[in-house]
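Have a look at the structure below, then the notes.
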Amino acid sequence: MAQVEADAYTFPHKGEMASDNTAVVVIDMQVDFLGPGGWADMAGVDLDRMRSIIPAQQRILDAARKAGMMVVYTREGHRPSGRDLTSVKQFRSRLGGAGVGDRAPIGRILTRGEPGWEIIPELAPEPGDPIIDKVGSGCFYGTETEHLLRRSGIDNLIFVGVTTECCVHTSLREASDRGFDNLLVEDACAATTPELQDAAVMIVRNPNTLFGTVSTVDRLLQSMSGLPPA
């Protein structure tokens, strides 16, 4: 059992981090956000910067699995029919140059069953890892996430993934409203711009926002090294 040095408070705030009360939540590490020909690429996002977090996440997942910690993946995507895609979401997504459901070089953007919808091979889920399919930015909206975590005895969540300013932030805020203690690993998350990354992290780090606390990969792994192997 352990605690993680973080800002604005040591994580978790109550008791200690253990393999049976903490889960790693991997937000939307999908080809559309991280691969050539996907949504982020079509929107002109710097893929090298987005992909720079992959090794850090691999280190975290390796340590989590060795300790027997639950790893949960999320995957944003809509039905091919588009019946679960609101017009305003499609409109807003097109402001960046490419919209949900539109054609891209690797297929329709954020559409279930298309290559861009899949999780990148470098972070492929292992058998037994839950995958939460979602239509919103947050992983709790319209999904079984809360039920899954409650039934698994999870109180503490470690967030990694993309994008920090949108799906990671929304999921963390939703988790906060549901009483989970949240750790944002800032160098295992990426935003579409450096400015949005800094702003999103600053919001969580500020003790007045009440959403969670912020740490780094090295600090987290140092604490996880004290967890007994599964």
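The values are calculated or read from the model by the stated rules, or taken from the named source; none is laboratory data. Owing to the predicted nature of the structure, the values given are computational and were not obtained by experimental measurement. Quick reminder, even Gly has a Cβ in these numbers, built from the backbone with ideal geometry, and neighbours come from all protein chains shown.
Rundown of residues vs (1) farther than 22 Å from Gly212 by Cβ; (2) modelled with pLDDT of 95 or more; (3) in contact with a strand residue (DSSP E or B) (Cβ under 9 Å, 6 or more places away or on another chain), yes/no style:
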| site | (1), (2), (3) |
| --- | --- |
| Gln30 | yes, yes, yes |
| Gly68 | yes, yes, no |
| Ser81 | yes, yes, no |
| Arg94 | yes, no, no |
Problem set entry | Residue list for the range 10-56, filter: assigned to a loop (DSSP other than H, G, I, E, B) and either out of contact with any Gly (no Cβ under 9 Å at 6 or more places or on another chain) or among the β-branched types (Val, Ile, Thr) (or both) | Thr10, Pro12, His13, Lys14, Gly15, Glu16, Ala18, Pro36, Val45, Asp46, Ser52, Ile53
Exercise. Yes or no: Leu85 over 19 Å from the mean Cα position of the chain (by Cα), of a type outside the set (Gly, Ala, Ser) and either outside any loop (DSSP other than H, G, I, E, B) or over 15 Å from Gly38 (Cβ atoms) (or both)?
Worked result: yes
For this session: Would you check which residues across the range 96-136 are in a helix (DSSP H, G or I) and in contact with a strand residue (DSSP E or B) (Cβ under 7 Å, 6 or more places away or on another chain) and list them?
Result: Pro115, Gly116, Trp117, Leu123
Seminar exercise, completed: Pairs returned, first residue in the range 121-145 that is among the small types (Gly, Ala, Ser), second residue that is crowded, with 16+ Cβ neighbours inside 10 Å, beta-carbon separation under 6 angstrom, 6 or more apart or interchain, are Ser137/Cys166; Ser137/Cys167; Ser137/Thr170; Gly138/Thr170; Gly138/Ser171; Gly138/Glu174
